[in-house]
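Just so you know, all these numbers are worked out from the coordinates, no wet-lab data involved. Keep in mind it's a predicted model, so treat the numbers as computed, not measured. With ideal geometry, Cβ positions are generated from the backbone for all residues, glycine too; neighbour counts draw on all protein chains shown.
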Amino acid sequence: MLRLRQICLVAPELAKPVAQLESVLGLKTCFHDPGVEKYGLNNALLPIGNNFLEVVAPFREGTTAERYIKRRGGAGGYMVIMQCDDVEHRKHRMQQLNVRIINEIKHGSFNSIQMHPKDTGGAIMETGADERGDQPDGPWTPAGDSWEKFVQTNIVSELLAAEIQSKAPRTLAERWAEVLGIPIKIEQNDQHSLKLENATLRFTEVGDTRGEGLTALDIKTTKRNELIRRAAILGCDFDHNSVFISGIKFNLS
């Protein structure tokens, strides 16, 4: 089992992007994880259906997140976090593939590993499991113990896909497929993607000056016109099919 459970965005400060996600997408913050403070970060988790958007922001100099923001020229996508059913199996696979594990998180029933982006490309990849259950709407420690109470589906109901751009998207897709142990799907337009249980990871050519990275998310909207109206009020860049928040393009489905 391998499903998309959480997307992490990084920004220079926390308040503005969280306010935009709440106001434009109609989401609600469910948790602030004190555990990320040891990395020099503050964060907020917002459920989007059964999955989560996370925003992290550095509060001190010299953090990995701060360097990433400077390298990519501002806020944007940071991590792709997937739920698996066997973290130990994933750890063994990383050893076989010579993929460095930069962080292992163990907190109560939750265990996850983060892979070195230089060994995978694209973004920081994380796979984790919660021993309390692996159902799609099951427990997820990083989002706190009561995230279900904060789910809002009036404007946006689901996270459908994540898009990573690269100068060599096919090579990057092949590497992610190898690391995750899943096949590549090639679309009619020669676009390469990976199908997770509940979402798609899409790999595309670089379309801006920011270089390789997580650039877009596909979301299922229930009130597109209302979303666009809210984006206009807050001064977000938008068109009828997408809206930009915190350096990420949200494609509206």
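Just going by the charge dipole of region 1-122, with Lys and Arg at +1 and Asp and Glu at -1 on Cβ, which of G108, M1, M79 is farthest out on the positive end?
My answer, from the dipole projection, is M79.
Taking the Cβ of each residue in M79, M125 as the centre, tally the other Cβ atoms inside 10 Å and list the residues starting with the fewest.
M79, M125
So how far, in whole Å, is the C-alpha centre of region 102-181 from the one of region 222-250?
Distance between centres, Cα-based: 24 Å.
Compute the signed sum of charges (Lys and Arg +1, Asp and Glu -1) over the other residues within less than 13 Å, Cβ to Cβ, of E66. Each step should come with its number before you reach the end.
Numbers: positive: R60, R67, K70, R71, R72; negative: E13, E61.
Here the count lands on +3.
Between E148 and E226, what FRET efficiency comes out of the Förster formula 1/(1 + (r/R0)^6) with R0 = 22 Å and r the beta carbon distance, rounded to 0.05? Display every interim value, and only then the final one.
Numbers: r = 24 Å, r/R0 = 1.07.
Efficiency for this residue pair is about 0.40.
Past 23 Å, Cα to Cα, is the threshold; run K195/K249; K195/K223; K28/K118; K70/K118 against it and keep the listed order. Each step should come with its number before you reach the end.
Working: K195/K249 20 Å; K195/K223 26 Å; K28/K118 33 Å; K70/K118 17 Å.
The answer is K195/K223; K28/K118.
About the Cα centre of the chain, how large is the charge dipole given +1 on each Lys and Arg Cβ and -1 on each Asp and Glu Cβ? Please answer in debye to the nearest 20.
Values: 31 positive and 33 negative charges, 99 e Å.
Its charge dipole is roughly 480 debye.
May I ask for the net charge around N98, where only other residues with Cβ less than 15 Å from the Cβ of N98 are counted and Lys, Arg are +1 while Asp, Glu are -1? Please report the intermediate quantities before stating the final value.
Details: positive: R90, K91, R93, R100, K118, R175; negative: D119, E178.
Surrounding charge for N98 is +4.
What net charge do the residues around L160 carry, taking every other residue with its C-beta under 9 Å from that of L160, with Lys and Arg at +1 and Asp and Glu at -1?
Values: positive: K220; negative: E158, D218.
Around L160, the charge tally is -1.
Classify region 74-162: rounded, prolate or oblate, from the alpha-carbon gyration tensor (a ≥ b ≥ c, eigenvalue square roots; a/c under 1.5 rounded; otherwise prolate if a/b is larger than b/c)? Present the calculation step by step, with values, prior to reporting the outcome.
Working: a/c = 2.30, a/b = 1.37, b/c = 1.68.
Oblate, because a/c is 1.5 or more while a/b does not exceed b/c.
Starting from the Cα of E13, step 7 Å along the direction of its Cβ; do the same at H32; then give the gap between the two resulting points in nm.
Placing both labels 7 Å along Cα→Cβ, they lie 1.5 nm apart.
Tell me whether region 1-148 comes out rounded, prolate or oblate; compute the Cα gyration tensor, take square roots of the eigenvalues as a ≥ b ≥ c, and use a/c under 1.5 as the rounded threshold.
Values: a/c = 1.81, a/b = 1.14, b/c = 1.59.
Note, shape of region 1-148 comes out oblate.
Rounded to the nearest 500, what is the 222 nm mean residue ellipticity of the chain from helices alone, with -39500 (n - 2.57) per DSSP H run of 4+ residues and division by all residues? Don't skip to the end; give the middle numbers.
Details: 6 runs with 57 residues, N = 253.
It comes out at -6500 deg cm²/dmol, rounded to the nearest 500.
Can you list the aspartates and glutamates whose alpha carbon sits under 17 Å from that of K185, skipping same-chain ones fewer than 8 residues off?
Cα-Cα hits under 17 Å: E163, E174, E197, E205.
Can you put K106, K223 in order, fewest other beta carbons within 10 Å first?
Numbers: K106 10, K223 14.
Arranged by neighbour count, lowest to highest, K106, K223 become K106, K223.
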